[in-house]
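The values are calculated or read from the model by the stated rules, or taken from the named source; none is laboratory data. Predicted, not measured: the structure shown is a model, and the values here were computed from it. A quick note on method: Cβ atoms are made from the backbone with ideal geometry, for glycine too, and the neighbour counts reach across all protein chains shown.
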Amino acid sequence: MFPRRAIYQFSAAFGLALAVFASGGSPVRAQEFVYRGNSATGPTVAQYLEQIGPAGKEIPHGQLKLDGKSVNCGKRPTVLNPNFDSWGGAFPGFLILNTKKIKGLSTQVKLYIYSHECGHQFIGANETKADLFAIRRGVKWGWLNAQGLEEICIFISKLKGDAVHPPGTQRCETMRTYYRQLVAGNDQHRAGTSSNWRPTTLGPSN
Ligand SMILES: [Zn+2]
């Protein structure tokens, strides 16, 4: 069961996407398109590929590499779309990466973008939670370090924010705080002094 709010969000997002498709991808202030809900609320990979034309390419689960690093989001495929209006996006069931836009970004920023979009698959439309999902993944899987977090902050701080995305500087601060908590937690865990360690409640629990 989906609350009426979710359906409304979908309607709004769908309208936005239609506007972009209709305008041939001309500059729109949206930073990405986020869809939530069950598979009936977004296009299938085939439908999306048909919509975006020959430039689009589906990369099956398990085959995507970013700077030589294999990535995955459960069993979900990724559609590479060089004409997409943002660096990345997500529909229920698959991810979108703009190969042209992410080119030149550092590996950790690319992994952050991919992981943020993956986060939407699990936590829904909330942008902050998707950011924290990516940071948690980065720490847990070992690809994110302090330098990478700074690169992410430099990247994200240029974004102004919109109706669903907080301003980039705020997203940076939120991720920085969470990163510190995660790293501190890991250190204390390793040192065996877990008496002061408190699980963070900032992020999703899965
Ligand atoms: Zn997002």
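Side notes on the structure shown:
- Single residue of segment 110-133 satisfying the filter (of a type in the set (A, V, I, L, M, F, W, C) and crowded, with 21+ Cβ neighbours inside 10 Å) that is farthest from Ala163 (Cα to Cα): Leu111
- Residues of segment 131-145 classified as of a type in the set (Gly, Ala, Ser) and in contact (Cβ under 8 Å) with a residue 12 or more places away in the chain, total: 2
- Entirely in segment 73-189, the helices (runs of 4 or more DSSP H) that have 3 or more residues that are more than 30 Å from Glu50 (Cα to Cα) and within 16 Å of the ligand (Cβ to nearest atom): 127-141, 146-156
- Condition met for Gly93 (of a type in the set (Gly, Ala, Ser) and within 30 Å of Ala46 (Cβ to Cβ)): yes
- Gly24 vs. criteria part of a loop (DSSP other than H, G, I, E, B), away from the ligand (no atom under 16 Å from the Cβ) and either at pLDDT 95 or above or in contact with a Cys (Cβ under 8 Å, 6 or more places away or on another chain) (or both): no
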